[in-house]
C-alpha cells in the first residue's frame, strides 16, 4: 500500500490504471511502486548483523540475502580469476552386495565437498553456521554427479542427511550420505579366483574444467570404516585418482590448425552450443580392489567335483563284463557333475570368453566321459572269441594288435608254428597239406603232430615216426617268437593300466590349473 497525493493506492490498482487511458499517471504510479520496493530492499541490505553472535538465523539470512548474494553464480577464487577449486573426501561406511550377474555393487558413503566463497566471509568471532536443506537452498553448491551410477538416493530417516557448514573465513563444507549402486565392468576369466577393481567416479556436471576444478583432499582423501566386513569379497586396497573427462565433438585432425586462437574460439562456441557434450570436465575416481573369497566354492564345487571324478574310476576295479554296474556308475557321476556345475554358474553373466570354472568343467567331464569310453572299449574286447598274437608284451604291441587286424607271418617257419594254437586246433595244418605231403614222401614216413592236448594228426595210416612241435609260451621272446593273449587278458591289462593313467593325468591337470588361477 502506497500513498499518492493523500490517496491510498495499492499495486493492484496501479495495474488497473495501466489498463486505462491515463498513461502518464500510470507511469508515475509504477515508478513510485518500484522505487518503494527497491528502497525497502536497500534498507534491509543496510542492516548489518555480522557482529551479532546470538542469532545464526539472522546471520544466515543477512549473508545470503539476494541483494548481495547470487546463488546461481559460482564463487570466484581468492586471486579473482581461474576455476573454482572444490576439494572432496569420501568415507565408506559399507561395501557389499557385489552382483556379478548385473555387473554392479552397492556402497554406503559419506561425501564431503569443500570450497571457498568470499561472499560468505563474516566476523571471525562468530561460530560456524550450520544448516541442512534450508541452508543448501540459499548458498551456491557444486553440481557433482556419479558417472557410473546405476541407482542412488540420499539416506536419512525422516529427512535427508545433508549438512552445510559456513566458516567465518568463507570456507563452505557440504556433506551428504548416499546409498549408491555402481556399475563395475568385471573380468571373470579367473572366476572364482578373480580380483575386481571397481571405481566410484565423480564428475562436474554444469561447469567444465576452465570454471570448476575437482581435487582430492591432501590428507586421507578416501577413508574406509575400520569395522567394514564383507561376505563374498575381501577389500584388498583403495586408492584415488584425478583425471579429465573429454567430451569433444571436434575432430582434432580436421579442426585444429596452426592458429590456436581460432581453435580455442571454435571450442568455446562448441561448449556454448552443445553444453555437456563438448569440452573437458574435471573428474575424481575412487578404486576399490576386491578379492573374492573362494572358501565357499572350494567346499561346494571343487571338492565335490574331484570326488565325482575319483568315483568314476571305481569302474576300473570292476569286472570288464559287469555291464550294469559300470554303466550305472559312469552315467550317474556324469549327471551329478553336470547338475553341480549348472548350480554354480547360474549366478554369472553370459560372457564371450572362457572362465576358469568352465575349463574345470570341461576337463572333469572329459575324465568322467573317458571312464565310460574305456569301459565300452574293454567290454568289446572281452566279448571277442579269437586270441591275439603279439611279438612283444608291451603297450604298443598290445594296443596295435587289439585295434588292427591279426598280424601275418613273415616266414614259413613262423607260419607253421602259428598253425597250431594253444587249444590244439588242426585247421591251419590242412591249409598247408601240399607242403606236408612233399615232406612225407621225402622221408617216407608218417608225419604226426603232437599238440598240447596230445591229439595226433596222421598223414599215413602206417605209423613210422612221431614228430612233436612245441608251442612257444607267453614269456618266450627268443628267435623272434610270438606271444598269445586271450581277449579277457587284454581287457584286464587295459583296466590295470587305466587305474594308474587316469589319476596321474588328473593330478597333472590339477597342477597346471591351480598354478594358472593363483599366478
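Here are some notes:
- Any chance residue 303 is touching a helix residue (DSSP H, G or I) at 6+ places or on another chain (Cβ under 7 Å) and part of a helix (DSSP H, G or I): no
- Hits in region 142-165 (condition: part of a strand (DSSP E or B), closer than 18 Å to residue 108 by Cβ and in contact with a helix residue (DSSP H, G or I) (Cβ under 8 Å, 6 or more places away or on another chain)): 162
- Matching option when the condition is assigned to a helix (DSSP H, G or I) and either closer than 30 Å to residue 209 by Cβ or modelled with pLDDT under 80 (or both), among 72, 60: 60
- Any hit, region 177-185, residues being assigned to a loop (DSSP other than H, G, I, E, B), at pLDDT below 95 and either out of contact with any helix residue (DSSP H, G or I) (no Cβ under 7 Å at 6 or more places or on another chain) or over 21 Å from residue 89 (Cα atoms) (or both): yes
- Selection from region 166-214 of residues that are in contact (Cβ under 8 Å) with a residue 60 or more places away in the chain, farther than 28 Å from residue 277 by Cα and under 26 Å from the mean Cα position of the chain (by Cα): 188, 189, 190, 191, 192, 193, 194, 195, 196
- Output for region 218-242, where each listed residue is closer than 15 Å to residue 86 by Cβ, touching a strand residue (DSSP E or B) at 6+ places or on another chain (Cβ under 8 Å) and surrounded by fewer than 16 Cβ atoms within 10 Å (Cβ to Cβ): 242
- Filter result for residue 287 (at pLDDT 90 or above and under 30 Å from residue 331 (Cβ atoms)): no
- Residue ID - nearest to residue 169 (Cα to Cα), chosen from residues in region 107-141 that are in a loop (DSSP other than H, G, I, E, B) and within 47 Å of the chain's Cα centre (by Cα): 117
- Comparison of 81, 118, 152 shows that the only residue that is in contact with a strand residue (DSSP E or B) (Cβ under 9 Å, 6 or more places away or on another chain) and without any contact (Cβ under 8 Å) to a residue 60 or more places away in the chain is 152.
- From the options 23, 103, 30, residue that is at pLDDT 50 or above and either assigned by TED's automatic domain parsing to the domain that holds residue 213 or under 28 Å from residue 211 (Cβ atoms) (or both): 103
- Leading residue by the ranking (surrounded by the fewest Cβ atoms within 10 Å (Cβ to Cβ)) among those in region 92-104 that are under 15 Å from residue 238 (Cα atoms) and within 21 Å of the chain's Cα centre (by Cα): 96
- Residue within region 248-255 that is touching a strand residue (DSSP E or B) at 6+ places or on another chain (Cβ under 8 Å), more than 23 Å from residue 99 (Cβ to Cβ) and modelled with pLDDT under 90 present: yes
- Only one entry in 237, 204, 282 is within 30 Å of residue 359 (Cα to Cα), assigned by TED's automatic domain parsing to the domain that holds residue 86 and at pLDDT 90 or above, namely 237.
The values are calculated or read from the model by the stated rules, or taken from the named source; none is laboratory data. Keep in mind that what you see is a predicted model, and the values were worked out from it rather than measured. Because the Cβ atoms are built from the backbone with ideal geometry, glycine has one as well, and the counts that use them run over all protein chains shown.
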